[in-house]
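The values are calculated or read from the model by the stated rules, or taken from the named source; none is laboratory data. The structure displayed is predicted, hence computed values, not measured ones. Neighbour counts run over all protein chains shown; Cβ positions are idealised from the backbone, glycine included.
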Amino acid sequence: MGLRGTNSGARGLRPAAVAAVGVITLATLTAGCKVETVGATEPTALPTRAFPSSTDDAKPSGGRESPTDTAPATSPAAPSRTPGAGTPSARPSPGPSTLMSAGDRSTRVRELQARLRQIGHFDRSPTGYYGTVTVTSVQSFQGKRGLPRTGRTDTVTWERLLAMTREPTSKELDPPAAEPPAAKPDARCMTGRVLCISKNSRTLAWMIDGRVVSSMDVRFGSQYTPTREGTFSVYWKSRHHVSTLYYTPMPYAMFFSGGQAVHYSPDFAARGYNGASHGCVNVRDEGKIASLFAQVRDGDKVVVYW
């Protein structure tokens, strides 16, 4: 980000000192916030068991006969050996392979969630992310059908689910997000163009001259990295911003206080309030914040209150 104007406090300083001030200022403005996990952690997917390859087939016991071990001519004929008798069975058939597990993110996961929702095992809108809620839902489905409660979607689990459900509609896969009710606006939000952000209701209301234009769900920093409260203004917008502190993406970032910004969070979209930011105001609806980003200007007021 380029620094606007000149710093009057830098007059009389040597060029090297001015350059140092510029570097410190730039580092401060571009510092971002990173999502951290709060509460339950994601289970780690267990590795799929590897079965023996063709070179690992079991060998008959007793060793291999040598030419000198043949029976004499006067001995009775040895009984014929039934193939496989007295020897380990052929290599076991592979078990069900894992199709989806914790940490996956795909359209297939979204379909899994929509199908589980059809039969009462998933109680929210599909996200496409295989998190702790999805693991628990799959375990519930598996337990009801007498399957191992692994939480992973293997071929047996998936085929059983397909047989019990129908193909999800587009609305089931991606239902429209409900407009969250905006909190009672703070008095400071009633004039001008304002991002009015309530920690109590966890909502952001975009207001112009006291009228709510749009509202959206938001989340904040943890108790160790709280989002600052007060009256601020948007001083920089960065559409494809990446945090210089944590190297994480912060799309549609609108900075209002140091490194704290309002921005889209895919983690918030996937896991909801199980996580928190490092001080930023996270928005989970990408469509809404994209529209908001297009409307907000540098200098618009930001009010963060309880």
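Summary of computed values
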read-out: Matching residues in the stretch 293-306 - criterion: being assigned to a loop (DSSP other than H, G, I, E, B) and not hydrophobic (A, V, I, L, M, F, W, C); value: Arg297, Asp298, Gly299, Asp300
read-out: Filter result (crowded, with 23+ Cβ neighbours inside 10 Å and either β-branched (Val, Ile, Thr) or assigned to a helix (DSSP H, G or I) (or both)) within the stretch 276-286; value: Val281, Val283
read-out: Any hit, the stretch 257-268, residues being touching a residue at least 24 places away in the same chain (Cβ under 8 Å), charged (D, E, K, R) and closer than 30 Å to Val109 by Cβ; value: yes
read-out: Whichever residue in the stretch 139-166 is assigned to a helix (DSSP H, G or I) and either touching a strand residue (DSSP E or B) at 6+ places or on another chain (Cβ under 8 Å) or touching a residue at least 24 places away in the same chain (Cβ under 8 Å) (or both) and, among such residues, is nearest to Ser97 (Cα to Cα); value: Thr155
read-out: Ala290 vs. criteria in a helix (DSSP H, G or I) and in the same structural domain as Arg188 (by TED's automatic domain parsing); value: yes
read-out: Failed criterion for His240 (all others in (1) touching a residue at least 12 places away in the same chain (Cβ under 8 Å); (2) over 19 Å from Cys189 (Cβ atoms) hold); value: (1)
read-out: Qualifying residue in the stretch 215-226 (condition: closer than 19 Å to Pro266 by Cβ, touching a His at 6+ places or on another chain (Cβ under 7 Å) and of a type in the set (Gly, Ala, Ser)); value: yes
read-out: Selection status of Gln260, in contact with a Gly (Cβ under 6 Å, 6 or more places away or on another chain), closer than 21 Å to Tyr305 by Cβ and of a type outside the set (Ser, Thr, Tyr); value: yes
read-out: Residue check for Ile197: closer than 30 Å to Gly131 by Cα and either in contact (Cβ under 8 Å) with a residue 60 or more places away in the chain or aliphatic (A, V, I, L, M) (or both); value: yes
read-out: Test set (1) closer than 20 Å to Arg297 by Cα; (2) in contact with a helix residue (DSSP H, G or I) (Cβ under 7 Å, 6 or more places away or on another chain); (3) of a type in the set (S, T, N, Q) - Thr191 fails condition number; value: (2)
read-out: Hits in the stretch 196-211 - residues which are within 17 Å of Asp285 (Cα to Cα) and among the aliphatic types (A, V, I, L, M); value: Ile197, Leu204, Ala205
read-out: Boolean, Tyr273 is farther than 24 Å from Gly210 by Cα, touching a strand residue (DSSP E or B) at 6+ places or on another chain (Cβ under 7 Å) and surrounded by fewer than 21 Cβ atoms within 10 Å (Cβ to Cβ); value: yes
